[in-house]
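Participant: Got a structure here, written out as structure tokens. Questions coming.
The values are calculated or read from the model by the stated rules, or taken from the named source; none is laboratory data. Given the structure is predicted, the values throughout are model-derived calculations rather than measurements. A quick note on method: Cβ atoms are made from the backbone with ideal geometry, for glycine too, and the neighbour counts reach across all protein chains shown. Heavy atoms of the whole protein, side chains included, go into the accessibility calculation; ligands, DNA and RNA do not. Shrake-Rupley method; radii C 1.70, N 1.55, O 1.52, S 1.80 Å.
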Amino acid sequence: MQKAVDADGDIVTCTVPGTGLTVALRGGDPMTVLVHVIRRFHYEVDALGKNGEPDTLAGWTAPLAVRDSRRPESNQASGTAVVIRPGSYPAGVRDGFTAGRQLIIRDIVADTEGVVRWGGDDRRPYEGLFYLDVPPEDARLARVAAKIRAWAETPGAGAGALPDVAEPTRRNRAARYH
């Protein structure tokens, strides 16, 4: 955990391509994967930052602000979690997304091969929360980040390329991470 953003540490502010938004996250592979999640959410679930929408993303949080270190949102203190629209999808509340949007969210998580977990699937739901479900040094994180970086170099791949999330093989893949 770090106590400041952009202070020669691992937590840095980055721009989320295609959104005009910024968020503070742990640099490197965690940032690559979480920015991919944000971008797919923006393109496929609901456009973020419309008409100057305030408080669209909450990334890193100061460790002293963490109320309960046992909850998944505490990952924000290490820069390995992001909350999309924190005021719209409060912790403890379900059904903020239609079934169709949940299908897309599950496909986004499947893109990460289980490296990212959606807070909507937790016992105490937090539907705006997406967090790393592996340690930062986990080989799966590096592999998924490399895959996402390769998509950025491939036209028609990655965030912005709209997949058919209802296609059976994609649904089966997504079901593994629910």
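Participant: Scanning segment 61-81 for residues that are among the aliphatic types (A, V, I, L, M) and open to solvent by 30 Å² or more (accessible area, probe 1.4 Å), which turns out modelled with the highest pLDDT?
Facilitator: A62
Participant: Of all residues in segment 36-76, which are among the β-branched types (V, I, T), in a helix (DSSP H, G or I) and over 15 Å from Y89 (Cβ atoms)?
Facilitator: none
Participant: Right, something else. If you go through segment 109-123 one residue at a time, do you hit one that is free of Cβ contacts under 8 Å to residues at least 60 places away in the same chain, out of contact with any strand residue (DSSP E or B) (no Cβ under 9 Å at 6 or more places or on another chain) and within 19 Å of R85 (Cα to Cα)?
Facilitator: yes
Participant: Let me ask something additional. Just to be sure I understand, how many residues within segment 120-152 are open to solvent by 40 Å² or more (accessible area, probe 1.4 Å), assigned to a loop (DSSP other than H, G, I, E, B) and of a type in the set (D, E, K, R)?
Facilitator: 4
Participant: What single numbered condition from (1) of a type in the set (D, E, K, R); (2) in a helix (DSSP H, G or I); (3) under 12 Å from the mean Cα position of the chain (by Cα); (4) more than 17 Å from V23 (Cβ to Cβ) fails to hold for R117?
Facilitator: (2)
Participant: In addition: Residue under question is D95, and the condition is that it be acidic (D, E) and touching a helix residue (DSSP H, G or I) at 6+ places or on another chain (Cβ under 8 Å); does it hold?
Facilitator: No; evaluated as a whole, the condition is false for this residue.
Participant: Filter segment 95-113 for residues that are outside any helix (DSSP H, G or I) and closer than 26 Å to D29 by Cβ and give the result.
Facilitator: T112, E113 - these are the residues of segment 95-113 that are outside any helix (DSSP H, G or I) and closer than 26 Å to D29 by Cβ.
Participant: As an exercise: evaluate H178 against (1) open to solvent by 20 Å² or more (accessible area, probe 1.4 Å); (2) farther than 23 Å from V16 by Cα; (3) not in a loop (DSSP other than H, G, I, E, B) and give the number of the one condition it does not meet.
Facilitator: Unmet for H178, out of (1) open to solvent by 20 Å² or more (accessible area, probe 1.4 Å); (2) farther than 23 Å from V16 by Cα; (3) not in a loop (DSSP other than H, G, I, E, B): (3).
Participant: Let me ask something additional. With touching a residue at least 40 places away in the same chain (Cβ under 8 Å) and part of a helix (DSSP H, G or I) as the only criterion, which of V33, V5, V82 stands out?
Facilitator: Only one candidate passes the filter, namely V33.
Participant: Continuing with the same structure: Given (1) closer than 16 Å to A159 by Cβ; (2) not in a strand (DSSP E or B); (3) not charged (D, E, K, R), where does G92 come up short, assuming only one miss?
Facilitator: Looking at each condition in turn, G92 falls short on (1).
Participant: Something else about it: Within segment 82-107, how many residues are open to solvent by less than 10 Å² (accessible area, probe 1.4 Å) and modelled with pLDDT under 95?
Facilitator: Of the residues in that region, 1 qualify.
Participant: Another one. If M31 meets every condition in (1) closer than 17 Å to P136 by Cβ; (2) in contact with an Asp or Glu (Cβ under 9 Å, 6 or more places away or on another chain) apart from one, which number is that one?
Facilitator: Evaluating M31 over (1) closer than 17 Å to P136 by Cβ; (2) in contact with an Asp or Glu (Cβ under 9 Å, 6 or more places away or on another chain) leaves (2) as the failure.
Participant: Would you tally the residues in segment 108-119 being surrounded by 20 or more Cβ atoms within 10 Å (Cβ to Cβ) and acidic (D, E)?
Facilitator: Summing the residues that are surrounded by 20 or more Cβ atoms within 10 Å (Cβ to Cβ) and acidic (D, E) in segment 108-119 gives 1.
Participant: Moving to a separate point now. Tally the residues that are at pLDDT 90 or above and open to solvent by 40 Å² or more (accessible area, probe 1.4 Å), restricting the search to segment 30-60.
Facilitator: 3
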